[in-house]
Structures are given as structure tokens and as C-alpha cells.
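Asker: Mind looking over this structure? Questions follow.
Bear in mind that the values in this text are calculations on the coordinates, not laboratory data. Just so you know, these numbers come straight off a predicted model, no measurement behind them. For neighbour counting, all protein chains shown are included, and Cβ atoms are generated from backbone atoms with ideal geometry for every residue, glycine included.
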Amino acid sequence: MAGQEKQFTLAGLAETFGLVLQGDGSVVVHGVGTLAGAGPGQLSFLANPRYRRELAATRAGAVVLSADDAGDSPVPCLVAKSPYVAFAKISALFEPAPAPAPGIHASAVVADDALVDPGAQIGPFVSIGARSRIGAGAVIGPGCVIGDDCEVGPGSVLVARVTLVTRVRLGARVRVHPGAVLGADGFGLAMDAGRWIKVPQVGGVVVGDDCEIGANTCIDRGAIEDTVLEEDVRLDNQIQIGHNVRIGAHTAVAGCVAVAGSARIGRYCLIGGAAGITGHLEICDKVTITAMSLVTQSITEPGEYSSGMAVQDSRSWRRNAARFRQLDQLARRMGALTKD
Amino acid sequence: MAGQEKQFTLAGLAETFGLVLQGDGSVVVHGVGTLAGAGPGQLSFLANPRYRRELAATRAGAVVLSADDAGDSPVPCLVAKSPYVAFAKISALFEPAPAPAPGIHASAVVADDALVDPGAQIGPFVSIGARSRIGAGAVIGPGCVIGDDCEVGPGSVLVARVTLVTRVRLGARVRVHPGAVLGADGFGLAMDAGRWIKVPQVGGVVVGDDCEIGANTCIDRGAIEDTVLEEDVRLDNQIQIGHNVRIGAHTAVAGCVAVAGSARIGRYCLIGGAAGITGHLEICDKVTITAMSLVTQSITEPGEYSSGMAVQDSRSWRRNAARFRQLDQLARRMGALTKD
Amino acid sequence: MAGQEKQFTLAGLAETFGLVLQGDGSVVVHGVGTLAGAGPGQLSFLANPRYRRELAATRAGAVVLSADDAGDSPVPCLVAKSPYVAFAKISALFEPAPAPAPGIHASAVVADDALVDPGAQIGPFVSIGARSRIGAGAVIGPGCVIGDDCEVGPGSVLVARVTLVTRVRLGARVRVHPGAVLGADGFGLAMDAGRWIKVPQVGGVVVGDDCEIGANTCIDRGAIEDTVLEEDVRLDNQIQIGHNVRIGAHTAVAGCVAVAGSARIGRYCLIGGAAGITGHLEICDKVTITAMSLVTQSITEPGEYSSGMAVQDSRSWRRNAARFRQLDQLARRMGALTKD
């Protein structure tokens, strides 16, 4: 790996992040690793109980863990209320976050009336449309296409090959991964005399500060008003967000989720992978939807909701599924029996 | 927003689109808005009954609605048989459909034997392969890749970063959104002595006139013959269309649908979001599949079909799902009871 | 179609591929076709029993088929143990696999310390980052973005618009289709005082020899260690592979599958379209998962597993689904009845 190596003592990390040191504070770490894979100079962590059995045999130089697990650590450790959070913060010290290299690559094509901050970095093969603005410290990676009337806030990063079609406004420190498409036309159609006619999509997309948008995720522009992500929304890869959806602050959405038009999702929600949410409904704050579940009606109570069915061996599954197809009949016969 | 503003009187719109005017025909509108969001100079519409309650309080300059709702409008209105269609048509007057700016961007790389109509617009960072043809009035946006032996019909638009891999033929007025990939190899594999061998994919993709292909949607090229979309097929985002699929005219497919190889879907079908359709089957005309449903066998009767299960609170769900896993047993016991 | 035409006699093909010739060995074929579509100069095949009824009427010049079907062939044929494999190999003779045209396109942007083999082909609008290496005979198609510290093995092909974000290492003869994104950050988040903080993703992606990655598929880089595809893994389009997933050799995954972080999938598995696999679990070798099924726990026995429910007409479905929501209750009442 490239870059000069950084290193820290456990004592120093404990002080910086307000953690409790257990063991030799002079131990030096210069990178991170998993419990099973880390070597002597590396810091590891234990947050997920699944990996607890790996603690005893770890060869890591030190481990970040909770008070409950600290007694079992064979090596020096940093005790944290939330080991995952502490590890995330420490880990960020080692990962070289490359500073933007301000300037516009010679190959980039920038509209005359676009405004690029002198502190922004515009990579090769980028095109920027009319009246668009790129903020200070923003990085527009190779192959990005930014259409007309867009805005990229300060410190935001479009990693590579991101498309902002038109009227897309990103706040500060937004991170968008490759292949994401923001601001494509929503799916608005009306059937007229046996043929579809396209309903013009004239709204935009507004993405709040500190949002993250995964690779190949799509967020359509609104039909009339905007599609909105409030601040600190986190979208994984391959997600589809329809026109005029609104997602509340601090909500996280796992990969391959489909959200249909005009759905409103609250704050602090967690949407599991490949879940589906139909249009024109509302999900309140603090709702968790588990993987591959389908939401077809508004949810008004916080809590966890599911409809993803787990696999069985196919023979059993087919037998049960066949019965499901007559479940109503079965229940009626059951009802008749009970009554008699 | 950019562009010069257009404006129309209600009376003028009524005449142009054959609508019934109710109220002051001299009212001028210069844009569109939602019932809740529109101001005095804006035209709104009421098509979805969910929004009926917003009519009374609207501040819109005028509203397009049905005869049934016209009595409740607090503002002048245009009465239409299909308010959504009428609104779509009127709305198109306001959305500036940018005319192509004919010419080939200096950065584009065009094969010597490719044929680009002088009336076509080729954007920056576009590459066009051997023997491909771009029709009059077509727009190839920034970053598109067009391989060999492709054809883009007159008036078609590839918004940006679209890939036509090879042997992809688009009709007239086709619109393809960013990230879409047409003509990638179908998933053809044969297991030979413990290793996969690739089955060559030598067919193409044929897309009829007036189709629309959403962002990051994929349509694979056929294995031998072509994958075909008939005219006026509308695909939303993130859809996967396998090799040798055929989709009938005027069918609309919502986001994240997966259609496996050699499936044939009829005309005027509606496929709901994230539905799955397995391969080598046939769906007749005028079939509706609801969201997250799975089609594993041919459908020969028009109508609506479902298998997407909606969420319950997770505790209830888990209990019910556990019973489902023994449903066949339950039904057998039930049968035994009934017989006795 | 372009290119000079190749042609072969049946006798020659029989000898080359060790097939049994039935009928006139001097028959010449110059291309391939389906049973229904092939003409006299074309070779067809019968592998899927669904198409057996098309054999009698075929106008193909010859057919590749199994011994069981050979008696029914109206035309000369090549008898194979696995007709699909034999056809795949013969078909590859006709499909012109374009030889790489070594060299770096004038528009490409290559980092000073990147190493491009003189036998590699780098297309237009490609960018290659620091310390990355491109092997002999590799083809990097138009619009690809290769970040820092990546490696593309000899003979590998990135068709077009592929992104290797960083620390992505592809083996030999890997084929990646347009829009695929390898090495984007995994979805690692920790909630800290009401806000998400990003967990740095510092691992890479390792893809073994002879893998194929479909269009718009994403493979995230590992959080700490690498995300790994062993050799000969075949991924279709629109698949999402989370961080630190490991997929065993010779496993094939159909389109739109979602695999969550740290899942381990064995060798020789077949994962059906739009299936979901949750994180931190293990699937053993030789497991088949059918379409739209959800795996939430480890699978330790080879075999076929399902949970994808097939459609019914919506009216029946709704009735049955309503009963499902009270299935636990129904089963309890059933239990009570049985006891009495």
C-alpha cells in the first residue's frame, strides 16, 4: 500500500478518544486488522458477538472492545462503550483521506457559466453543464457527468462516473459512489388512446449534508417538486429511489432496496436489503424493515416490520407453498370445524 | 430555473387540448405545481383520489380535474376525461425540451466507417464504433459508449453515460437514461468437466420506436437471435432484461424488475416494482403483476397476479412464518380431522 | 454482420470436438441459429427439452443434440454427451473474438507510475491511477476508470465504462461488463450520538482467474480484509456483493442477487435471480438457491433451497395472504382441536 505509515501508542489513542486503557499503553499500532487476521502491530476490535470466540486466539497488538469482553482479552486493549464507533474513529486515522488536488483537468469540459470553486478538484473526462456550481474542496472524479443547474456542496466527493442529470443539489460533505445516477426522469406515464405519453418531470433532487449514496444507486428527479434526502441519510448500492420520495435524516437504507414514487420515510429508519416500499405512503420515524420485506401501507408506529420469508429445502418449501395457495379454504374449513 | 418563461391562458389551453373550461378563461398560468405547493400563476391537477382533500385549500391559479371533482374546485379549472393525460400534455408546454445542437464534440471518438447524421448531436467523451449509425435529430449525451454495428434512430436521446455494447438497434424517439447498458452478453454458461465455459452471445438487441429505458437498466443481447422490445415499451430504472426476452408493445415495467432469459411478455402488461419473472415462459397481453411478485409459470389469462407479501410487525411475522414452515403438516392434520 | 465468414464441415467439427457424426459429413455450416430460426447453412442445437418439439420442423443445416434425440432429427447431426457444451464450443468458432489492438488511446490518462503492458489495449477516455498495473493482452474499453493500486491480469477484458475504484486485483482472463463497479466502499456505519459515522473501508477486492462480472454489478471493497471471488465465479448483471463476502470457485449467481457483508458462499453453488443472502453466514458447497429466495441462516447441507412464492390471481392471493397473517392463531386453534 502507498503513503507514509502512521502510528500511534495505545495510551495516545485512549486519551484522544476518551477510552479506558487496559494493559501496556506504550504498545504501538500502525494499522488495523480483524481479530483473526491482525498481527502484532495492528489494532483490532470486537463489536459483533459472533466474533467473540476469535478473541482468545488473536495475535493483534491490541483490541478495542466493550467492558464486558475486556476480561477475556489476551492482549492490551482499549475499552469503549461502543467499540465499533471507537474503532471507526481510530481506523480513520490510518486510512489516508486524500486531500483534494485543486484544479480542473485539461480534458474536462466545463460550461462557460458554470462556477467551479478554485479549491475544487475536477478530474479527467468530466463534463459540467450550464449554471452548475461546484463548491470548495469538492472532488469530481473521472468520468462524472454534471448536467445543467446542479450544485455540489463544499467538501462533497463524486468518486467517479457519477451522473447528476439536472437540477440536482448536493449539500456539504456528500459522498457519491461510482455509477450512481441522480436526477434522471421519474417514471411518469399516462395512457392516452392506447399509447403511453410521458409526463414531464420538472422537479429536482435535493440531498442534505453528510449523505452517502452507494454505487449504481438511482435517485429520480421529482415530477413537479423535488425528491429529497434530508441530512445524514445513508444509501447503499443499487438502490432505486422514485420521484418525489422524501427520506428523513439519519435513515440508512441497505443495498437493492426499491422505493416507489412519493413514499415518505421518516428519520432514523433502517431499511434492510432488497426491501420494497410502494408509493404514496408514509413510514414514521424509527422504523426498521428487515431484508426483502414489502411495505404496501403506511406505518405509524416505530418498531420492526418483516415479510421476508427464509428458505427451506425446496421439497418442503414446495409442499408448504402449495398449501398456502389453498390457505383461505383451509381456514374456512377450520372455522367450520370450530363452530360445530 | 433557466430558459425564457412560457405562459398560457386557461381559455387557450382549453381550446388546444379540447378541455371544458370552468371559471375565468383569462387566467394566465406560467408553470405547474402540486395542489399543495402551487401558487397563483401555476396550474395544478387532481388525478389521484389520495390528493382530493388538498383541492379545497389549493392556492393554484387553476386546476385540471375530472367532472366529478370540478364542483369542489375553489379556483378556475379545466375539466378533462383523463386529468393526468391532460396535465401531462399541458405540462410538456412548460418543460423546455432542448432542441439538439447538431454537431460532434471535439473530444468524441467516432469510427471512420460510422455514419453520424449531420442533424445529430454527439456530446463530449462519446465513442462510436465501427459501422454504427446515428440518425437525424438524435442526441448522444456525454460519456456514452456506442460499440460496433449499432443504430440509434432519428430523434432518439441517450441522456448520458449510456452503453450500447454491440448490435443494438434503437428505433425512433427512444429515450435511454444514464447508466443503462444495452447489448451486454447474456448469461450463457455450460458446465464442462468442472469448469464453466462461456456460451457465445452473438444476437443483438432491438428496441422499437418510442420506448423509454430507465437509468442503470440492463438489456442483454440475445444468445443467437435478438432480445426485443416492441414499440412504446417503458422500462423504469435498475431493471434486468435477460437474453432473448421479448416484451410486447405498450408494456410498462417498474423499477428493479428482473426478467430471466427467453421470457416473453405480452402487450399492455404492467409489471410492478421488484417483481421477478423466470425464464422460458410466456405472459399473455394485459397482465398486471403487482410489486415484488414472482412469476414462475406462463400466464394465459389477462388479469392481475400477485405474490408479494406485505409486512407485519416482526414478532407476529416470525410466529406466522414459523407456522408456514409446517403448513403442509398442519393441512394434513386438518385433512385427517375432517375425514374422521 | 462484419468480419470474414468462417465455415466448417460437419465431419471436421465432429473430429475437432470428439462428437459422433450422423448423416452427411460434407455438409458445411457457416454460422449458428435456433431450431426454429436456423437456415440451411446454419448449425443449431437441442439441449433444453422445452424445445424438443421444434426439432422435427427445423430447417437448420445440422443439429447438435444428445443420443436420445438423434433419432428424431430430420437433418444431419452431431451427437454429444452434453449438446449445450458442444454447441458452446462450436459457436465460439464463429463469433469473432476480436484480438486486442495493443496501445494506449491518445485520450487516455495514465498515471506516471502505472504499468501498462505493451500488449494491452487501453481505449478512449480511460483513466488509470497510481501504481496500477495492466497485464499483457488485457483490454480496457472506452470510459473505464481504474483507480489507484489496482491490477488487471493478462487477457482480462473490461468491456466499457467499468470502474475499479481502488485496491482491486483481477486475475487472468477475467471479463467485466459495462457499468460494473468493483471496489466501492462497503456500507460500514456506526451510530454515534445520533449521527452516522463512516467506518473506513480499507480492504480491497480480489477476483480470481476466469471470473465474469455482469453489467452494473457491484462488488464492494472489504472493510479491513478483502472481498474475494475465487476462480471461475460467474456473476450476472445488477448483482450487489457486500464487503468481505467470499464466493467459492465455479459458483454462478444470476441477476439482481443481493449478498450482504461477510457472507461466505461455497464452491459450485447456483444462486437464482433476485435472491437475497444476509450477512455473516456461510453457505456450503453445491447449494442451489432458487429465484427470489432469502437466506438468513447458514446452510450446511448441499441441496436446493427455496422461499420464492409464485403468483396467484390477485383475488386468491389476497385472501390467502390475509389468512397467513393469522396463521399462528389458526395453528393454535388447530392444536387445541387435535388435543381434545
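Asker: Considering only the label points, 7 Å along Cα→Cβ from Cα, what distances in nm to one decimal separate B:His30 from the same position in each other copy, shortest first?
Answerer: Shortest to longest, the spacings are 6.7, 6.7 nm.
Asker: Using only alpha carbon pairs under 8 Å that are at least six residues apart, calculate the relative contact order of the stretch B:162-305 and give it in whole percent.
Answerer: Value for the stretch B:162-305: 15 percent.
Asker: If you take every residue apart from A:Gly129 with its C-beta less than 13 Å away from the C-beta of A:Gly129, what net charge results, scoring Lys and Arg +1 and Asp and Glu -1?
Answerer: Combined, the nearby Lys, Arg, Asp and Glu give -2.
Asker: Out of B:Ala57, B:Ala97, B:Ala184, any idea which swings most in a Gaussian network model of chain B, alpha carbons joined below 10 Å?
Answerer: Top of the fluctuation ranking is B:Ala57.
Asker: Could you give the size of the charge dipole of chain C about its Cα centre, using +1 on the Cβ of each K and R and -1 on the Cβ of each D and E, expressed in debye and rounded to the nearest 20?
Answerer: 1380
Asker: C:Val28: net charge of surrounding residues, Cβ under 13 Å, Lys/Arg +1, Asp/Glu -1, itself excluded?
Answerer: Around C:Val28, the surrounding residues sum to -1.
Asker: Moving to a separate point now. Taking beta carbons within 10 Å but only from partner chains, what does the mean come to for residues A:293-299?
Answerer: Counting other chains' Cβ atoms within 10 Å and averaging over A:293-299 gives 5.
Asker: What residues qualify as long-range amide H neighbours of C:Gly103, i.e. H under 5 Å apart, gap of 5 or more or another chain, H built at 1.01 Å from N?
Answerer: For C:Gly103, the qualifying residues are C:Ala120, C:Gln121, C:Ile122.
Asker: For the stretch A:74-167, go through all pairs of different Cα atoms, get the mean of 1/r, take its inverse, and jot down that Kirkwood value in Å.
Answerer: Averaging 1/r across every pair of different Cα atoms and inverting gives 14.7 Å.
Asker: Also: Which order results if B:Ser314, C:Ser127, A:Ser298, B:Ser91 are arranged by neighbouring Cβ count within 10 Å, fewest first?
Answerer: Least to most surrounded, the residues fall as A:Ser298, B:Ser314, B:Ser91, C:Ser127.
Asker: Another question, if that's okay. So if the hydrodynamic radius of the protein assembly as shown is defined as the Kirkwood radius over C-alpha pairs, what does Stokes-Einstein give as its diffusion coefficient at 10 °C and 1.306 mPa s, in µm² per second?
Answerer: Estimated diffusion coefficient is 53 µm²/s.
Asker: Below 8 Å between Cα atoms, with a sequence gap of 6+, how large is the relative contact order for the stretch A:262-339 in percent?
Answerer: 22
Asker: To one decimal in nm, how far is B:Asp113 from the same spot in the other copies, if labels go 7 Å from Cα toward Cβ? Please give the shortest first.
Answerer: Spelled out, the distances from B:Asp113's label point are 4.4, 4.4 nm.
Asker: Taking the DSSP beta bridges in the protein assembly as shown as the whole, what percent of them are antiparallel, to the nearest 5?
Answerer: 15
Asker: Kindly provide the pair-distance distribution of chain A built from C-alpha pairs, with 20 Å bins from 0 and whole-percent values in order of increasing distance.
Answerer: 25, 44, 26, 4, 0
Asker: Still on this model: Is there a pair in B:Lys89/B:Lys286; A:Lys89/C:Lys198; A:Lys81/A:Lys286 whose C-alpha atoms are over 20 Å apart, and which pairs would that be?
Answerer: B:Lys89/B:Lys286; A:Lys81/A:Lys286
Asker: About the Cα centre of the protein assembly as shown, what is the dipole size in debye to 20, counting +1 per Lys and Arg Cβ and -1 per Asp and Glu Cβ, all else neutral?
Answerer: 3000
Asker: Would you kindly work out, in nm and rounded to one decimal, the distances from the label point of B:Glu301 to those of the same position in each other copy, ordered shortest first, with label points 7 Å along Cα-to-Cβ?
Answerer: The projected label point of B:Glu301 is separated from its counterparts by 3.8, 3.8 nm.
Asker: Share of antiparallel DSSP beta bridges in chain A, in percent to the nearest 5? List each step's numbers first, then the result.
Answerer: Values: 9 of 77 bridges.
Antiparallel bridges make up about 10 percent of those DSSP assigns within chain A.
Asker: Would you kindly compute the Cα radius of gyration of the stretch C:34-76 and its largest Cα-Cα separation (Dmax), both in Å?
Answerer: When restricted to the Cα atoms of the stretch C:34-76, Rg and Dmax are 8.8, 24 Å.
Asker: Can you give the translational diffusion coefficient of the stretch C:63-222 in µm²/s, computed by Stokes-Einstein from the Kirkwood radius over Cα pairs at 10 °C and 1.306 mPa s?
Answerer: Estimated via Stokes-Einstein, D reaches 89 µm²/s.
Asker: Charges at C-beta only: +1 for Lys and Arg, -1 for Asp and Glu. How large is the resulting dipole of the stretch B:162-305 about its Cα centre, in Debye rounded to 20?
Answerer: 340
Asker: What residue among B:Gly279, B:Gly18, B:Gly135 shows peak mean-square fluctuation when chain B is described by a Gaussian network model with Cα springs under 10 Å?
Answerer: Of B:Gly279, B:Gly18, B:Gly135, the Gaussian network model singles out B:Gly18 as fluctuating most.
Asker: Then there is this: Which residue, chosen from A:Ser107, A:Gly137, A:Leu158, occupies the Cα position most advanced towards the positive end of the dipole of the stretch A:96-170, where the dipole is computed from +1 (Lys, Arg) and -1 (Asp, Glu) charges on Cβ about the Cα centre?
Answerer: Going by the charge dipole, the pick is A:Leu158.
Asker: Across peptide A:285-292, what mean number of C-beta atoms from other chains lies inside 10 Å of a residue's C-beta? Present the calculation step by step, with values, prior to reporting the outcome.
Answerer: Details: counts 0, 0, 1, 1, 2, 7, 9, 14.
What the average comes to for A:285-292 is 4.
Asker: How crowded by other chains is B:117-125, given as the mean number of beta carbons from other chains within 10 Å of each beta carbon? Walk me through the numbers on the way to the answer.
Answerer: Values: counts 0, 0, 0, 0, 0, 0, 3, 8, 14.
For this peptide, the per-residue mean of nearby foreign Cβ atoms is 3.
Asker: Let me check against my output: what whole-number percent is the relative contact order of chain C, with C-alpha pairs under 8 Å and at least 6 apart?
Answerer: It comes to 6 percent, rounded to a whole number.
Asker: Using a Gaussian network for chain C with springs between C-alpha atoms less than 10 Å apart, which of these wobbles most: C:Gly39, C:Gly308, C:Gly203?
Answerer: Maximum fluctuation in the GNM of chain C, among the listed residues, is at C:Gly39.
Asker: Further question on the same structure: So for the protein assembly as shown, taking the charge dipole from beta-carbon charges (+1 Lys/Arg, -1 Asp/Glu), which of B:Gly266, A:Val116, C:Ile146 sits furthest toward the positive end?
Answerer: About the Cα centre, the residue reaching furthest to the positive side is B:Gly266.
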